[in-house]
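The values are calculated or read from the model by the stated rules, or taken from the named source; none is laboratory data. These figures come from a predicted structure and were not determined experimentally. Each accessible area value is taken on the protein alone, full model and side chains, heavy atoms only, with ligands, DNA and RNA left out. Shrake-Rupley method; radii C 1.70, N 1.55, O 1.52, S 1.80 Å.
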Amino acid sequence: MTPVSNTGFNIAMSHVSKIAEMSKNQQKIEGQIVMDLISAASAPAPSAAPQPVGNIGQNINTTA
């Protein structure tokens, strides 16, 4: 191999390595964002839901 082609190969490999590193970092950031969204979207405690008042809407007419 000539020194010129070897240098070009080394530069190309350096770029590939840098791109792979940037991609890995981006995936880590996106994964953390997803985990934050999942934890923020947790369901509220059942006791926080209001209790029904009276019987309106609790009887369903099934003979219609």
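Summary of computed values
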| quantity | calculated |
| --- | --- |
| In segment 45-54, the residues that are open to solvent by less than 100 Å² (accessible area, probe 1.4 Å) and modelled with pLDDT of 70 or more | GLY54 |
| All positions within segment 24-44 that are in a loop (DSSP other than H, G, I, E, B) and either β-branched (Val, Ile, Thr) or modelled with pLDDT under 70 (or both) | ALA43, PRO44 |
